[in-house]
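Worksheet for the structure shown next.
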Amino acid sequence: MEIEPTSGWTLPGRPESALVTRPGPRASETVHALLDRGLRVTVATSSPDARLRDLAGRGLVALTEPGVSDLEDFDVVIRDTAHLRGGDPGAPARGDARPGRRRGEVVLVGGGPGPLGLLTLAGAEALRAADVVVYDRLAPLAALDLAPSGAERIPVGKIPRGEFTPQEQINAILVNRAQQGATVVRLKGGDSFVFGRGGEEWLACTSAGIPVRVVPGVTSAVAVPGLAGLPVTHRAVTPGFVVVSGHVGPDDPRNQVDWAVLAGAGLTIVVLMGVATLPAIAERLVTCGLPGDTPAAVVADGGLPSQRRVIAPLGQVAQAAQQAGLGAPAVAIIGATVAALTPAEPDGLQMSPMPD
Ligand code: SAH
């Protein structure tokens, strides 16, 4: 198996340790790429350059004299001068990371709030290696182009109060495809573990013996306010923020949020999935003691060309957003940080298609 280091190379199987011999001028890039893949790295050199010494000083690599280490002790040995050598000399050349019997896996990729630029590099890399992509409506759909043209693409959209694929069916698709040996990317909006049902999919896969990897995503809870110029924390204004679901309103028994605690916590409150329930949520917070003139905002379609925001006092924000025609997906932000960078207009209400 011969693969050039540092240029999108893949490794055979699931190696845990690597020895880099004859490190060239780009050795530290090779080392970073190996560390990124979770390997323990040893570099054999009698004259480490400054960057290798730095990595060694931070405990990220072990340095050893050439010829001292037993090559058999390592899963992969990389000759940094040109090529990477795996344990299986007969294995196919680059592009196939799974010589021999293929073992499927599921990669939970958080795709960010929508624009391709907010997908992580690790997410893009996972997509490029996918045999199957199972994606949501709010996933960055432009990212589907990153998957190989022959990859199977399965939409499992959940339209609010509309058509959806039951979670059990999504789990079954993931497990089934991975059992057939496929590398399955589960691509969704934001971060998989923020109201993304990533945990359920993780459990379904691991209990079926399927290995699962998580690529965290940029969550809309932070990114969408940020894209609209609204910080969720601001020094000396708020000590923190809390993210809650508005999927069901505060009067619904399924809603477990203690709104009285939130009203008194002094934290920025970020509400996801709360377009329909925002009037009731705002009213409940005011009833629980949060002043009706607390700055608040709704940001819809964050990061997309159609992004819009409405800023208004808590007591009026739901109505203002409704009147402005803001619909899902939208994030509501309640708290003093909303006004930290954006002083309120004299009439207390602002609307703008994009942050100024
Ligand atoms: N896992 C996602 C959240 C899923 S819940 C994450 O971490 O971002 C779906 C909710 O996310 C939507 O109802 C909306 O509140 C929010 N959302 C996602 N993308 C958005 C966007 N581009 N603009 C505004 N809100 C968005």
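The values are calculated or read from the model by the stated rules, or taken from the named source; none is laboratory data. Note that the structure is a prediction, hence the values are computed from the model and not measured. Methodologically, a virtual Cβ is constructed for each residue, glycine included, from the backbone with ideal geometry; neighbour enumeration extends over all protein chains shown. Ligands, DNA and RNA are excluded from the accessible area calculation, which covers all protein heavy atoms including side chains. Shrake-Rupley method; radii C 1.70, N 1.55, O 1.52, S 1.80 Å.
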Area accessible to solvent at Leu71, 1.4 Å probe radius, in Å² | 90
Using 0.36 nm per residue of separation minus the Cα-Cα distance, give me the extension gain between Cys288 and Arg128 in nm, one decimal.
-> 52.7 nm
Please quote Rg/Rh for segment 203-297 to two decimal places, taking the Kirkwood radius as Rh and restricting both calculations to Cα atoms.
-> 1.07
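Nearest 5 is fine: what % of DSSP beta bridges in the chain come out antiparallel, could you say?
Bridges in the chain that DSSP calls antiparallel: roughly 40 percent.
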The ³J(HN,Hα) series, computed from each phi in segment 109-117 with the Karplus coefficients 6.51, -1.76 and 1.60 at θ = phi - 60°, rounded to the nearest Hz and given as x for glycine or proline, is 9, x, x, x, x, x, x, 4, x
Where Leu278, Leu290, Leu203 fall by accessible area, highest first, once all protein chains stay in place (1.4 Å) | Leu203, Leu290, Leu278
Taking a label point 7 Å from the Cα of Asp258 along Cα-to-Cβ, the residues of segment 218-243 whose backbone nitrogen sits under 18 Å from it are 240-243
In nanometres, what is the gap between the two model label sites at Leu304 and Leu116, each 7 Å from Cα along Cα-to-Cβ?
-> 1.7
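How high is the relative contact order of the chain, in percent, with contacts defined as C-alpha pairs under 8 Å that are six or more residues apart?
So the answer I get is 13 percent.
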Mind listing the phi-derived Karplus ³J(HN,Hα) values for segment 249-259, rounded to whole Hz, using 6.51, -1.76 and 1.60 with θ = phi - 60°, and x for any glycine or proline?
-> x, x, 8, 7, x, 6, 7, 9, 5, 8, 5
For Gly114, the residues 5 or more places away or on another chain with a placed amide H closer than 5 Å to its own amide H are Gly190
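Which number comes out as Rg/Rh for the chain once both Rg and the Kirkwood Rh are worked out on C-alpha atoms?
1.08
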With θ set to phi - 60°, apply the Karplus curve 6.51 cos²θ - 1.76 cosθ + 1.60 along segment 300-308 and write out the HN-Hα couplings as whole Hz, x wherever there is a Gly or Pro.
-> 10, 6, x, x, 9, x, 8, 4, 9
Based on the Cβ-Cβ distance from Ser47 to Val237, what FRET efficiency comes out when R0 is 45 Å, to the nearest 0.05?
-> 0.30
